[in-house]
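The structure under discussion appears below in the form of structure tokens.
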Amino acid sequence: MTSDPSAPHGHEPGHAHGHDHGHGHDHGHGHDEGHGHDHARTFQPDLSEPTSDAALIGVALRRLLLERGLYTAEEERATIQRMAGANPGNGARIAARAWSDPAFRERLLADGAEAIKELGYDLSPLEFTVLENDERLHNVVVCTLCSCYPRALLGQSPAWYKSKNYRARIVREPRTVLAEFGVALPDSVEVRVHDSTAELRYMVLPQRPPGTESLDEAALAALVTRDSLIGTQRDLTPKDPAAH
Amino acid sequence: MKTQGEPRYAVGQSVRIAPRTPPVHHRVPSYAKGRVGRIVRVCSEHGLPEAYIRGDGRPFRRLYRVRLAQEQLWEGYAGQPGDTLDLEIFEPWLEPVE
């Protein structure tokens, strides 16, 4: 849809509005008869249409793929359902296993894609790469070119991860951005930004919080947050410190 | 997908990221072009984004993780001297540095 500068009253470009502004229309709300009402506040189009050429191409491409039988609507539905089921809990489970099992941790850092198959996850052909934080290193992940993210494992990325603000600034001034997320880094800790430019997908392995020696894997996993897996959070805290 | 060709570069080697801007889709961020870094990991072979335009991305090309020093990347970088940035670069985009 190209925008139409002649569209009256700031209507959504492309919205087919055939009603008469003078009289007789009914928006389903008690509008004043003096006709000073604000369409921007009181009116939404019944049908939203693709808002860009790219969106239109996407709609057309999907129809063609289905029409040609390259995949079925049922396969599409199942894929969406599977991807919608992915969430940061999967990453938390991987982190907790790594903390609990040193041999798994070694395998995970050496070849993340292979290691997570042990837990039933398969991201191939993407190369899943785990970045371990320690006392002298803090890792943080970004995709400056678009918004690459291990969605099949961690679910949809947060809105800020896709924002130009984050994508432009985390590479250029990572310490400032991390401070805005509440991460206070001593000068002695190296910051390493990972720009996801091609076929690798990244997850940060946060440091195991102190005082969690007695916790089992499930309890450990409950401490791991989504942001800590991206690297915009560094310190994890036990949910109930008094319990330890 | 693995090991169709021997990697040209090894871990630890210095490389320059080619300062090219072909008029097609490619996935090398502008800020990294012309920069010198160090290979930190030799990855598998994958389809080159430029080649996917014409079909299936073949022949697949070797991918590397390259580490750059933040201080050399940004003028007036306000972080610490040891701060780094890693990114993924395909072999055709790398040039050897003596």
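The values are calculated or read from the model by the stated rules, or taken from the named source; none is laboratory data. Because the structure is predicted, anything quoted here is derived from the model rather than measured. Cβ: placed from backbone, ideal geometry, glycine included. Neighbour counts: every protein chain shown.
A few comments on the model shown:
- Taken over the stretch A:185-208, the criterion of being part of a loop (DSSP other than H, G, I, E, B), within 20 Å of A:THR225 (Cα to Cα) and in contact with a helix residue (DSSP H, G or I) (Cβ under 8 Å, 6 or more places away or on another chain) is satisfied by A:LEU185, A:PRO206, A:ARG208.
- Exclusive hit being acidic (Asp, Glu) and in contact with a strand residue (DSSP E or B) (Cβ under 8 Å, 6 or more places away or on another chain), set B:GLU50, B:GLU75, B:GLU45: B:GLU45
- B:ARG27 passes every criterion in (1) in a loop (DSSP other than H, G, I, E, B); (2) more than 30 Å from A:LEU185 (Cα to Cα); (3) more than 10 Å from chain A (Cβ to nearest Cβ) apart from (3).
- When the residues of the stretch A:113-135 are filtered to those that are outside any loop (DSSP other than H, G, I, E, B) and touching a residue at least 40 places away in the same chain (Cβ under 8 Å), the one that is farthest from the chain's Cα centre (by Cα) is A:ASP134.
- Boolean, B:VAL42 is within 12 Å of chain A (Cβ to nearest Cβ), over 22 Å from A:VAL171 (Cβ atoms) and among the aliphatic types (A, V, I, L, M): yes
- Considering only residues in the stretch B:17-38 that are among the β-branched types (Val, Ile, Thr) and surrounded by fewer than 20 Cβ atoms within 10 Å (Cβ to Cβ), the one that is nearest to the chain's Cα centre (by Cα) turns out to be B:VAL36.
- Restricting the stretch B:47-70 to residues that are in contact with a Lys or Arg (Cβ under 8 Å, 6 or more places away or on another chain) and farther than 29 Å from A:LEU137 by Cα leaves a set whose member that is farthest from the other protein chains (Cβ to nearest Cβ) is B:ALA51.
- B:ARG27 falls short on exactly one of the conditions (1) under 16 Å from A:HIS194 (Cα atoms); (2) among the basic types (Lys, Arg); (3) out of contact with any helix residue (DSSP H, G or I) (no Cβ under 9 Å at 6 or more places or on another chain), and that condition is (3).
- Of all residues in the stretch B:2-16 being at pLDDT below 95 and among the charged types (D, E, K, R), the one that is surrounded by the most Cβ atoms within 10 Å (Cβ to Cβ): B:LYS2
- Matching residues in the stretch A:75-113 - criterion: being surrounded by 14 or more Cβ atoms within 10 Å (Cβ to Cβ), among the charged types (D, E, K, R) and out of contact with any helix residue (DSSP H, G or I) (no Cβ under 6 Å at 6 or more places or on another chain): A:ASP101, A:ASP111
- Any pair with Cβ under 6 angstrom, 6 or more apart, that starts in the stretch B:71-98 at a residue that is more than 7 Å from chain A (Cβ to nearest Cβ) and farther than 28 Å from B:PHE60 by Cβ and ends at one that is exposed (fewer than 15 other Cβ atoms within 10 Å of the Cβ) and modelled with pLDDT of 95 or more: B:GLU71/B:PRO81
For every residue, the table says whether it meets (1) away from chain B (no Cβ under 14 Å); (2) at pLDDT below 95.
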site: A:ALA198; (1), (2): no, yes
site: A:ALA221; (1), (2): yes, no
site: A:SER228; (1), (2): yes, no
site: A:ALA243; (1), (2): yes, yes
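- A:LEU215 vs. criteria of a type outside the set (S, T, N, Q), crowded, with 17+ Cβ neighbours inside 10 Å, in contact with an Asp or Glu (Cβ under 8 Å, 6 or more places away or on another chain) and more than 14 Å from chain B (Cβ to nearest Cβ): no
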